[in-house]
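*Asks:* Below is the structure I would like to discuss, written out as C-alpha cells.
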Amino acid sequence: MKLAITIFLLNALYIAINTFRTMLVVKGHQFLAPLVAVGEEFIYVMALAIALQHIDSPLNIAAYAVGFGVGIYIGIIIEDKIALGYVNFEVTVQIDPTNPIHAHNEELAEKLRDLGYGVTVSRAEGRSGARLVLSILAPRKADRRFMEQIKEISPDAFIMVQEPVQLSGGFWSKEVDRRYHATNRMHH
C-alpha cells in the first residue's frame, strides 16, 4: 500500500508540473518553461522507474493512473491561481436613449476607464438596433472581478472573453498592470 501511495503521489506531482509547464509553453514563457521541465522530468523518471519495477500489482497500476488524473486537476488549479497573462473582453451592449434599461450603456466605456482599464469602442448594428462593442484588455488575475464590475454597471451586457497569444504596444502594456496592482491592493 505504501508503494502505491508513493507511485500515486509521484505521478500526480509529475503530471501537475507537466500541465503547468505546458501552459507556460503555450503562453510563451521561454525561460521559465524549460526550468520547470527539468524538475518535471526528474520526477517523471523516478515515478516511471518505480511503477515499472512494480507493474505486477493492479493496485500500483491503478495508483499510477489515478495519479495521472489528479495531477492534471492540480496543474489546472495551480495555473488558475497564478493566472498568467491577459484576457481580452469583448463587451457588447445595446444603446437606446429612449429605453431606461439601456440608457446607461452609453457611459459604460467611461466608467470602465475610470476604473483604470483601457477601452476601445466601436459602434455596431444588431438585429434589434444600435450597439456599442467595447474591447478591454485586463490581467487574467483580474478577470472574475472585472466580470462582476461589468455586470454591476451593465447587467444586460453580452461578454466574450478571449486569451491573446501575443501582445505589443498600446495603453494596457504597462498602465493596466500598474493600475490593476494598485486597485488590487486597495480591495484586500
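*Asks:* Go through (1) surrounded by 19 or more Cβ atoms within 10 Å (Cβ to Cβ); (2) free of Cβ contacts under 8 Å to residues at least 60 places away in the same chain; (3) under 30 Å from Leu134 (Cα atoms) and name the single condition Tyr86 misses.
*Replies:* Just one mismatch for Tyr86, condition (2).
*Asks:* What tally of residues in region 40-68 results from selecting those that are assigned to a helix (DSSP H, G or I) and either farther than 27 Å from Met1 by Cβ or without any contact (Cβ under 8 Å) to a residue 12 or more places away in the chain (or both)?
*Replies:* Qualifying residue count for the region: 10.
*Asks:* Could you grab me the full set of residues in region 69-81 that are β-branched (Val, Ile, Thr) and either in contact with a Gly (Cβ under 8 Å, 6 or more places away or on another chain) or under 15 Å from Thr6 (Cα atoms) (or both)?
*Replies:* Val70
*Asks:* Now a separate question. Tell me, which residue of region 44-59 that is touching a helix residue (DSSP H, G or I) at 6+ places or on another chain (Cβ under 7 Å) and farther than 16 Å from Leu13 by Cα is least open to solvent (accessible area, probe 1.4 Å)?
*Replies:* Filtering first and then ranking leaves His54.
*Asks:* Pairs, please: C-beta under 9 Å, at least 6 apart or cross-chain, first residue closer than 21 Å to Phe68 by Cβ and in region 11-39, second part of a loop (DSSP other than H, G, I, E, B) and hydrophobic (A, V, I, L, M, F, W, C)?
*Replies:* Met23/Leu84; Leu24/Leu84; Val26/Val165
*Asks:* Then there is this: Considering Thr98, Thr92, which residue is farther than 24 Å from Lys27 by Cβ and modelled with pLDDT under 80?
*Replies:* Details: Thr92 fails: modelled with pLDDT under 80.
Answer to the selection: Thr98.
The values are calculated or read from the model by the stated rules, or taken from the named source; none is laboratory data. No experiment lies behind these values; they were computed from the predicted model shown. Counting neighbours? That spans all protein chains shown, and the Cβs are built from the backbone with ideal geometry, glycine included. Protein only, heavy atoms only, side chains kept; ligands, DNA and RNA dropped before computing areas. Shrake-Rupley method; radii C 1.70, N 1.55, O 1.52, S 1.80 Å.
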